[in-house]
Amino acid sequence: MYIALIIIGALILLLVLIYNGLVKKRNKVKNSWSQIDVQLKRRFDLIPNLVQTVKGYAAHESSTFELVTSARTKYLSATTPEDMMKANGELTSVLGRLFAVAEAYPDLKANTNFLELQQSLGKTEDKISFARQFYNDVAMEYNNTVQMFPSSIVASLFGFKAEPFFSTDEAEKAAPQVQF
């Protein structure tokens, strides 16, 4: 009788430990996604200033400005991490085009405000890159726990789902094509 109680108690303890571990890892994934979101918000705050500065020198490049605005709006209206990841890839690609446009204007490249914005955006991009890497590491650890035995049993019982990885799509990997 005592042995049965000890075994049941041990199983309950194991269940609680696995459940708490899953919750802890899921919260770590959510926190790391929030860190990416913070850096992306910083980038989005810099973009209008950058666009306005470039507009002053390259007013006839309106299609590039519209693409930047459209990509930024897509991200801000995205509701799921997957949609945000996709919209972020589009924005990154369009920002590459914006900087390619800026290369054609020597006066713009010498503008102090533009240079400061470009440096701030570069630093923010580095922070985003590190935050993405951390997110993927945390998501992998969580996904392993969700998918490996015996924690997979507890995960399925309590509805824990695997989290997506932040990956680079093919469009973001390719160099932007800009024609003048």
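A few points about this structure:
- Flag if Thr69 is under 16 Å from the mean Cα position of the chain (by Cα), open to solvent by 30 Å² or more (accessible area, probe 1.4 Å) and of a type in the set (Val, Ile, Thr): no
- Residue that is farthest from Gln35 (Cα to Cα), among those in the stretch 101-125 that are open to solvent by less than 30 Å² (accessible area, probe 1.4 Å) and over 16 Å from the mean Cα position of the chain (by Cα): Leu108
- Qualifying residue in the stretch 1-8 (condition: within 30 Å of Pro106 (Cα to Cα), part of a helix (DSSP H, G or I) and either open to solvent by less than 30 Å² (accessible area, probe 1.4 Å) or not small (Gly, Ala, Ser) (or both)): no
- If only residues of the stretch 12-61 that are under 30 Å from Asp107 (Cα atoms) and more than 27 Å from the chain's Cα centre (by Cα) are counted, the one that is most open to solvent (accessible area, probe 1.4 Å) is His60.
- Residue count for the stretch 12-58 under the criterion of being of a type in the set (Lys, Arg), closer than 19 Å to Gly96 by Cβ and either without any contact (Cβ under 8 Å) to a residue 12 or more places away in the chain or not in a helix (DSSP H, G or I) (or both): the result is 1.
- Some residue of the stretch 83-104 being among the β-branched types (Val, Ile, Thr) and either under 30 Å from Glu163 (Cβ atoms) or at pLDDT 85 or above (or both): yes
The values are calculated or read from the model by the stated rules, or taken from the named source; none is laboratory data. Predicted model, so just to flag it, every value in this text is computed and none were measured. Note: ideal-geometry Cβ built from the backbone for every residue, glycine included; neighbour counts use all protein chains shown. In case anyone asks, the SASA skips ligands and DNA or RNA and just uses the protein heavy atoms, side chains included. Shrake-Rupley method; radii C 1.70, N 1.55, O 1.52, S 1.80 Å.
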